[in-house]
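Everything on this sheet refers to the single structure shown next.
The values are calculated or read from the model by the stated rules, or taken from the named source; none is laboratory data. Source: prediction; values computed, not measured. Positions of Cβ are backbone-derived with ideal geometry, glycine not excepted, and every protein chain shown enters the neighbour counts. Surface accessibility is based on the protein's heavy atoms, side chains included, excluding ligands, DNA and RNA. Shrake-Rupley method; radii C 1.70, N 1.55, O 1.52, S 1.80 Å.
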Amino acid sequence: MNINQYKLNEPKRLIEIESFTKRVIDNGLKREDLPELISMLEHFEHIYSIKHVYADYVALFEFLFVNQFHSFRQMQNGCYTYESLLKINDCLLEHFSWLFRVNRKKVDNDIYQYKYRVNRRLEKMQTAVEKLFNRYSCNLVVRVDLKYDVHKQHLVDIELFHEHVHKLCRRMADKDKCFKYLRFNAWCLEQAPQGSYHVHLFLIYNASRRKHDLKLAKWVCNEWNDEITDGLGSSWNCNIKKNPNKDRSENFNETRLALQWNRVIHY
């Protein structure tokens with residue numbers, strides 16, 4: 001884990017960088033944008049890892065960070081800063097603006113390819129679920145959203161999230177405890193400014209052996225909250241039909257549709 005994760009919410013910073021890059025591609029880089037650019041570079045300095053492959057807008061920002069802006073990095077009061085960018089001339093400012101804009105087609109193509117792959121996976125998942133329901137008459141569907149406690153999100157970077165998801169997948173493969181009699185599983189990994197990294201989990205059980213979807217979903221949530229994440233986790237039981245706020249984890253503000261795939265870092 002990057003020690004700077006104790007200071008920065010990694011998903012939030014990456015989404016801010018994505019938004020900034022998209023805006024500069026659309027409108028160009030102006031002198032009044034330089035303070036924000038400097039802030040984005042300093043945040044990226046803390047969370048950047050050569051082990052990661054970044055996607056679309058963040059991938060472009062990473063390329064410019066490494067190949068263009070890194071030479072402006074200076075040590076000041078024990079920290080690295082990019083404030084020397086404030087002094088660049090108009091010619092260099094226009095050059096940087098052009099570097100953002102000239103890569104629009106590459107970013108658009110990356111997003112198109114990403115959406116194509118996602119749609120293909122969703123089609124395969126839908127086919128698999130239809131075959132399962134055609135084969136078995138008794139199925140119990142459970143939906144949960146797995147995330148992190150709002151007060152502990154800054155402790156979780158992509159590497160720790162990957163470790164927790166790997167542990168979750170291993171538990172499902174072993175069909176142990178709350179995953180016993182599991183027939184099918186699918187998951188969607190997302191990042192959100194307020195929700196940090198999180199998982200939308202879709203489960204189908206043998207309904208002749210498993211009853212009470214609400215209690216089973218709560219069991220899965222507790223497994224994530226306490227066992228898989230060692231107390232860092234938070235969750236939302238999507239099988240709650242009445243009093244939907246009764247079991248909702250505090251400050252969980254996720255509004256995206258289940259099984260819709262959003263851009264994440266490819267780890």
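Quick one: is residue 84 free of Cβ contacts under 8 Å to residues at least 60 places away in the same chain, part of a helix (DSSP H, G or I) and farther than 25 Å from residue 9 by Cβ? Yes: the conditions hold for residue 84. A Cβ distance below 7 Å, combined with a sequence gap of six or more or placement on separate chains, defines the contacts here; from the range 11-31, residues that are within 11 Å of residue 107 (Cβ to Cβ) reach residues that are among the hydroxyl-bearing types (Ser, Thr, Tyr) and outside any loop (DSSP other than H, G, I, E, B) in the pairs 18/57; 21/57; 22/57. Assessment of the range 164-179 against the conditions (closer than 26 Å to residue 55 by Cβ, aromatic (Phe, Trp, Tyr) and more than 21 Å from the chain's Cα centre (by Cα)) yields no matching residue. The residues of the range 43-83 that are closer than 23 Å to residue 23 by Cβ, surrounded by fewer than 16 Cβ atoms within 10 Å (Cβ to Cβ) and among the β-branched types (Val, Ile, Thr) amount to a single one, 66.
Residue by residue, here is whether (1) open to solvent by less than 40 Å² (accessible area, probe 1.4 Å); (2) of a type in the set (Val, Ile, Thr); (3) closer than 18 Å to residue 12 by Cβ holds:
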site	(1), (2), (3)
143	yes, no, no
150	no, yes, yes
163	no, no, no
173	no, no, no
197	yes, no, yes
205	yes, no, no
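Which residue, of 225, 185, is polar (S, T, N, Q), closer than 22 Å to residue 161 by Cα and part of a strand (DSSP E or B)? It is 185. For the range 95-127, residues that are open to solvent by 80 Å² or more (accessible area, probe 1.4 Å) and in contact (Cβ under 8 Å) with a residue 24 or more places away in the chain total 4.
Among the residues of the range 26-81, those that are at pLDDT below 95, over 23 Å from residue 114 (Cα atoms), out of contact with any strand residue (DSSP E or B) (no Cβ under 6 Å at 6 or more places or on another chain) and in a loop (DSSP other than H, G, I, E, B) comprise 77, 78.
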